[in-house]
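Down below is the structure, laid out as structure tokens.
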Amino acid sequence: MTIDQPQAAEFNAFYAGYIGKVAERGPVALLQDQIKSFETLRSLSEQAAGSRYAEGKWTVRELLGHVCDTERLFSYRLLHIVRGDQAPLAGMDEKVWSANAPHDRRPLTEIADEMIAVRRSTVKLVESLDPEALARTGVANNFPISARALVWILPGHAQHHLDVLRERYRIEI
């Protein structure tokens, strides 16, 4: 399934970095490929899962939990828009969400399994979309956004955090 890259007018400039992380193969292939990385994280020790690369930064568990929470949010935004609902959607304060999430009190394997399940659901949603649905637009966090942009943002956001795990936490995934 090929989904063209969104134009700059289809999303808030904040998301350009995430969209830029999606390989030329496209978002669907990256959504599927990233499942392997989430599976690899299941083998990380609980000690490593509780590590931070710097003071005040998330643990590996908190980071993966954030990716899972955000995947749910972006998938909901995608569903909301492709179903034609024009009601504006609220933003997300990741610091508030993280402070109230139980991620650091859960085993990493549970968080990874949850992320894999959420991702598989996301893939099925994306695969169900036709060009008409992908062209629909809505408003999220006070900015216009297209369904197509969300399909690109989803794997781009996850890739950003997988890159952080590789580069800052030194985790091989």
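Would you be able to tell me the number of residues in region 113-125 that are open to solvent by less than 20 Å² (accessible area, probe 1.4 Å) and among the polar types (S, T, N, Q)?
1
Taking the condition of being open to solvent by less than 70 Å² (accessible area, probe 1.4 Å) and either in contact with a helix residue (DSSP H, G or I) (Cβ under 9 Å, 6 or more places away or on another chain) or within 11 Å of Asp69 (Cα to Cα) (or both), how many residues in region 87-112 meet it? Give the steps one after another, and end with the answer.
First, the residues of region 87-112 that are open to solvent by less than 70 Å² (accessible area, probe 1.4 Å): 87, 89, 91-92, 98, 101-104, 106-109, 111-112.
Applying the additional criterion that residues be either in contact with a helix residue (DSSP H, G or I) (Cβ under 9 Å, 6 or more places away or on another chain) or within 11 Å of Asp69 (Cα to Cα) (or both) yields 87, 89, 92, 98, 101-104, 106-109, 111-112.
So the answer is 14.
Please identify the pairs in which a residue from region 1-26 that is without any contact (Cβ under 8 Å) to a residue 60 or more places away in the chain has its Cβ atom under 7 Å from the Cβ atom of a residue that is open to solvent by 50 Å² or more (accessible area, probe 1.4 Å), counting only partners at least 6 apart or on another chain.
Listed by first residue and then by second, the contacts come to Gly26/Thr2.
Look at region 128-162 and say how many of its residues are within 10 Å of the chain's Cα centre (by Cα), farther than 12 Å from Gly20 by Cα and either open to solvent by 70 Å² or more (accessible area, probe 1.4 Å) or not hydrophobic (A, V, I, L, M, F, W, C) (or both).
1
Can you give me the number of residues within region 29-68 that are part of a helix (DSSP H, G or I) and touching a Lys or Arg at 6+ places or on another chain (Cβ under 6 Å)? It would help to see each step written out before you state the result.
Going residue by residue through region 29-68, those that are part of a helix (DSSP H, G or I) are 29-41, 46-49, 60-68.
From what's left, touching a Lys or Arg at 6+ places or on another chain (Cβ under 6 Å): 35, 49.
Result for region 29-68: 2.
Quick grid of which residues meet (1) farther than 30 Å from Gly56 by Cα; (2) at pLDDT 95 or above:
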residue: Leu89; (1), (2): no, yes
residue: Glu94; (1), (2): no, no
residue: Ser98; (1), (2): no, no
residue: Val123; (1), (2): yes, yes
residue: Ala135; (1), (2): yes, yes
residue: Val139; (1), (2): yes, yes
residue: Leu154; (1), (2): no, yes
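Out of all the residues in region 14-28, is one or more outside any loop (DSSP other than H, G, I, E, B), open to solvent by 80 Å² or more (accessible area, probe 1.4 Å) and out of contact with any Phe, Trp or Tyr (no Cβ under 7 Å at 6 or more places or on another chain)?
If we filter region 14-28 for residues that are outside any loop (DSSP other than H, G, I, E, B), which is where we start, we get 14-20, 27-28.
Next, from what is left, pick out any that are open to solvent by 80 Å² or more (accessible area, probe 1.4 Å): 14.
From the residues that got through so far, the ones that are out of contact with any Phe, Trp or Tyr (no Cβ under 7 Å at 6 or more places or on another chain) too are 14.
Within region 14-28, one or more residues are outside any loop (DSSP other than H, G, I, E, B), open to solvent by 80 Å² or more (accessible area, probe 1.4 Å) and out of contact with any Phe, Trp or Tyr (no Cβ under 7 Å at 6 or more places or on another chain).
Can you work out which of the residues in region 54-86 that are under 17 Å from the mean Cα position of the chain (by Cα) and open to solvent by 40 Å² or more (accessible area, probe 1.4 Å) is nearest to His157 (Cα to Cα)?
Result: Arg72.
The values are calculated or read from the model by the stated rules, or taken from the named source; none is laboratory data. Values in this document were obtained by computation on a predicted structure and should not be read as measured data. FYI the Cβ positions are ideal-geometry reconstructions off the backbone, even for glycines, and counts take in every protein chain you see. Just the protein is used for accessible areas: all its heavy atoms, side chains included, with ligands, DNA and RNA removed. Shrake-Rupley method; radii C 1.70, N 1.55, O 1.52, S 1.80 Å.
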